[in-house]
Amino acid sequence: MSVSDHSLALAAAGGDREAFASLLARHYDRLFAFAFRLTAARAEAEDLTQDICLALPAKLARYEGRAAFTTWLYRVAVNAAHDRRRRAATQARAAEEWGDWEQARQAEMAETAEAVDWLTATLRALPPELRDTCALVLGEEMTQSQAGEVLGVSEGTIAWRMSEVKKRLRAVATEERAS
């Protein structure tokens, strides 16, 4: 005599593993076919069916038997498909936003690298005393007084040198924009 789906579902809800295995054996192919119709892709249908099978023991604990077991199982499958679609959409949005952020970050890094390269090349073209002064004041963040001590010149000389560095950098930038 064949045991009804309702009886198997109630037994499985109570922890009967054989009843659960019987339900799966009886409905797995139907569940997979339905999942395939919901997703229209074999791999997606396989994943969805596995998700449903993994969640089924917990879901069976709430099975009340007011509808036929297959009706209830289809409802579980539809809900699982909706959840899966929502997760996929959320992940796609997050990936898209991440992609935009990453592209902006890469562009900013390239712009910064280009500016550093320009500044490095321009500073290399300066006379050594201006380059040394610039390295201490800007690179090491020394005061003009401290830089003067290190280089053995007055604070006024450091101020003049930094003014000269700025003037030369502006001249190079202006010349490059004009060409």
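The values are calculated or read from the model by the stated rules, or taken from the named source; none is laboratory data. The shown structure was predicted, so the numbers you read here are calculated from the model rather than taken from an experiment. Positions of Cβ are generated from backbone atoms using ideal geometry, with glycine treated the same way; all protein chains shown enter the neighbour counts. The area values use the complete protein model at the heavy-atom level, side chains included, leaving out ligands, DNA and RNA. Shrake-Rupley method; radii C 1.70, N 1.55, O 1.52, S 1.80 Å.
Couple of notes before you dig in:
- Summed side-chain charge close to residue 8 - residues other than residue 8 whose Cβ falls under 10 Å, Lys, Arg +1, Asp, Glu -1: -2
- Summed residue charge, Cβ within 13 Å of residue 36's Cβ, Lys/Arg positive, Asp/Glu negative: -1
- For the chain, adding -39500 (n - 2.57) for each run of n ≥ 4 DSSP H residues and dividing by the number of residues yields -28000 deg cm²/dmol at 222 nm.
- At an R0 of 35 angstrom, the distance between the Cβ atoms of residue 115 and residue 143 translates into a FRET efficiency of 0.90.
- Share of carbon and sulfur in the accessible heavy-atom surface of the stretch 1-114 [1.4 Å probe, %]: 55
- The calculated FRET efficiency for residue 67 paired with residue 18, based on their beta-carbon distance and R0 = 25 Å, is about 0.60.
- Axis angle, to the nearest 10 degrees, between helix 17-39 and the longest C-alpha principal axis of the chain: 60 degrees.
- Taking other residues whose beta carbon is less than 13 angstrom from the beta carbon of residue 119, and scoring Lys, Arg as +1 and Asp, Glu as -1, yields +1.
- Per residue solvent-accessible surface (Å²) - the chain, probe of 1.4 Å: 68
- Distance between the stretch 27-93 and the stretch 159-173 - C-alpha centres, whole angstrom: 70
- Given [x] 11.9; [y] 9.8; [z] 20.5, the label whose value is mean projected area of the Cα convex hull in nm² derived from this model: [z]
- Pairwise Cα separations in the stretch 1-104 fall into 10 Å bins from 0 onward with the following percentages, short to long: 14, 40, 25, 12, 6, 2, 0.
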